[in-house]
1. Consider residue 2 carefully, then state whether it is modelled with pLDDT under 85 and over 19 Å from residue 137 (Cα atoms).
2. Would you point out the residue of the range 49-66, among those that are within 23 Å of residue 101 (Cβ to Cβ) and within 11 Å of the chain's Cα centre (by Cα), that is surrounded by the fewest Cβ atoms within 10 Å (Cβ to Cβ)?
3. Which one of these does residue 134 not meet: (1) in a strand (DSSP E or B); (2) in contact (Cβ under 8 Å) with a residue 24 or more places away in the chain; (3) surrounded by fewer than 21 Cβ atoms within 10 Å (Cβ to Cβ)?
4. So, in the range 78-93, of the ones that are surrounded by 13 or more Cβ atoms within 10 Å (Cβ to Cβ) and in contact with a strand residue (DSSP E or B) (Cβ under 7 Å, 6 or more places away or on another chain), which residue ends up modelled with the lowest pLDDT?
5. Just to verify a result, which residue in the range 111-127, among those that are in a loop (DSSP other than H, G, I, E, B) and touching a residue at least 24 places away in the same chain (Cβ under 8 Å), is surrounded by the most Cβ atoms within 10 Å (Cβ to Cβ)?
6. Could you list, in sequence order, all residues of the range 28-48 that are within 16 Å of residue 127 (Cβ to Cβ), modelled with pLDDT under 90 and loosely packed, with under 15 Cβ neighbours inside 10 Å?
């Protein structure tokens with residue numbers, strides 16, 4: 001009986017996480033233009049390190065008046081945060097500059113500069129028309145880190 005339980009747990013642990021529904025190119029571009037989307041993390045690439053698959057639900061959410069980041073951090077810190085036990089790239093910004101342009105193949109190139117997130121210099125987000133995206137965060141006190149994932153609509157409040 002214990003063997004069956006162990007096997008069932010191993011199978012459940014190895015099962016890939018549920019994939020969000022695929023959006024059409026029009027839906028992706030509309031979400032980005034409306035500034036009402038979330039970046040769902042799949043891979044992390046620390047500076048000078050190799051790409052790693054991430055399990056769990058880590059997100060970067062963009063709204064017209066707010067940005068919420070709940071992403072892991074792997075890399076070198078130049079200065080330890082004082083008075084904070086937070087790890088990762090976790091912050092909220094309500095005061096930021098947001099610039100969007102259209103690149104080749106209809107991709108969106110977004111540059112965000114938070115004014116109220118003390119450790120974040122700038123954020124670059126490249127969103128492809130199929131919904132995949134690359135996110136890069138430049139920090140003042142840590143090495144730059146890159147993420148790969150996909151774009152979805154923000155979850156509806158329940």
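The values are calculated or read from the model by the stated rules, or taken from the named source; none is laboratory data. The shown structure was predicted, so the numbers you read here are calculated from the model rather than taken from an experiment. So basically every Cβ, Gly included, is an ideal-geometry build from the backbone, and we count neighbours across all protein chains shown.
1. Spelling it out, residue 2 is indeed modelled with pLDDT under 85 and over 19 Å from residue 137 (Cα atoms).
2. 61
3. Every listed condition holds for residue 134 apart from (2).
4. Per the criteria, the residue is 88.
5. 117
6. 30, 33
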